[in-house]
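Below you'll find the structure, written out as structure tokens, and then a few comments.
No value in this document is a laboratory result; all are computed from the given coordinates. Bear in mind the structure is a predicted one, so any value in this text is a computation, not a measurement. Methodologically, a virtual Cβ is constructed for each residue, glycine included, from the backbone with ideal geometry; neighbour enumeration extends over all protein chains shown.
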Amino acid sequence: MLDRNKIYTYADYLALDDDVVLEVINGEVINMSPPPTPKHQDVVDELTAEFKMFLRDKECRAFSSPMDVCLFADEGTKAADIQNWVQPDLMVICDSTKIKDNNIIGAPDLIVEVLSPSTARNDRWIKLKSYEEAGVKEYWIVDPYNMSVEVYIVDRHAFKQTKVFGKDDDLTGEIFTELKIDLKNIFKS
């Protein structure tokens, strides 16, 4: 059993059983993820497929969860010194040096979180702030229940919501302006 009052490092996490999935901000466990719902996973899979196709001949790469992202780490950071790691539902990395054998070191360029009732608070507040501080350039919050996508970009070192898309819209981002996603294909009911 995990001690919720303990400050965890990435080294502590790596010593746990492989089936333990944690997200930790400032050493504090913010999420012990239960398995996703079919609706949640379907949205993640559809978005991942869209990004994989779009990025096929480009330098950037898309990854979906589970994949550890050590947000504030760099090449020389020891696991015992890392106190912030997450497993975003989907991320895009354009700097290949951040992609390691077992994790991602540093902030992705774009992160997508698909809301679940158990994670919505963390995704909207705690993770948004951490992603902002880590230097994520664009953040999407996808609500599969209200069939909407909120797009945030960094403006003067802080995230600013720039767009909200509904289920009948074509989603376009800020980093990948040529990417267009028909949300009817994502939010199948």
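So which cysteines of the chain have no other cysteine's Cβ under 4.7 Å from theirs?
Within the chain, the cysteines lacking a partner Cβ under 4.7 Å are Cys70.
Please give the net charge around Leu2, taking every other residue with its beta carbon less than 13 angstrom from that of Leu2, where Lys and Arg add +1 and Asp and Glu add -1. Before the final figure, lay out each step's value.
On the way: positive: Arg4, Lys6; negative: Asp3, Asp12, Asp17, Asp19, Glu23, Glu28.
Net of charged neighbours comes to -4.
For Cα Rg over 2.2 N^0.38 Å, pick the label among (1) 0.93; (2) 1.00; (3) 1.06 that corresponds to the value derived from the coordinates.
Correct label is (2).
Please give the FRET efficiency for Leu16 paired with Glu133, using the beta carbon to beta carbon distance and R0 = 25 Å, rounded to the nearest 0.05.
Between Leu16 and Glu133 the formula returns 0.45.
Whole-Hz ³J(HN,Hα) for each residue in the stretch 106-118, computed from phi via Karplus 6.51 cos²θ - 1.76 cosθ + 1.60 with θ = phi - 60°, x for glycine and proline: what do you get?
Result, ordered by residue: x, 6, x, 6, 9, 10, 10, 10, 9, 5, 10, x, 7 Hz.
What is the dipole size for the chain, taken about its Cα centre, with +1 at each Lys and Arg Cβ and -1 at each Asp and Glu Cβ, in debye to the nearest 20? Don't skip to the answer; put the middle values down first.
Values: 22 positive and 35 negative charges, 71 e Å.
Dipole of the chain, to the nearest 20 debye: 340 debye.
For a test of the definition: using alpha carbon positions, the gyration tensor, and the 1.5 limit on a/c, classify the stretch 78-189 as rounded, prolate or oblate.
Values: a/c = 1.75, a/b = 1.57, b/c = 1.12.
Because a/c hits 1.5 or more and a/b exceeds b/c, the stretch 78-189 counts as prolate.
Looking at the stretch 1-143, what % of its DSSP beta bridges pair antiparallel, to the nearest 5? Don't skip to the answer; put the middle values down first.
On the way: 15 of 22 bridges.
If we restrict to bridges inside the stretch 1-143, about 70 percent are antiparallel.
Okay, helix-only estimate at 222 nm for the chain: each DSSP H run of n ≥ 4 adds -39500 (n - 2.57), divide by all residues, round to 500 deg cm²/dmol; what do you get? Don't skip to the answer; put the middle values down first.
Details: 4 runs with 36 residues, N = 189.
Theoretical 222 nm ellipticity from helices: -5500 deg cm²/dmol.
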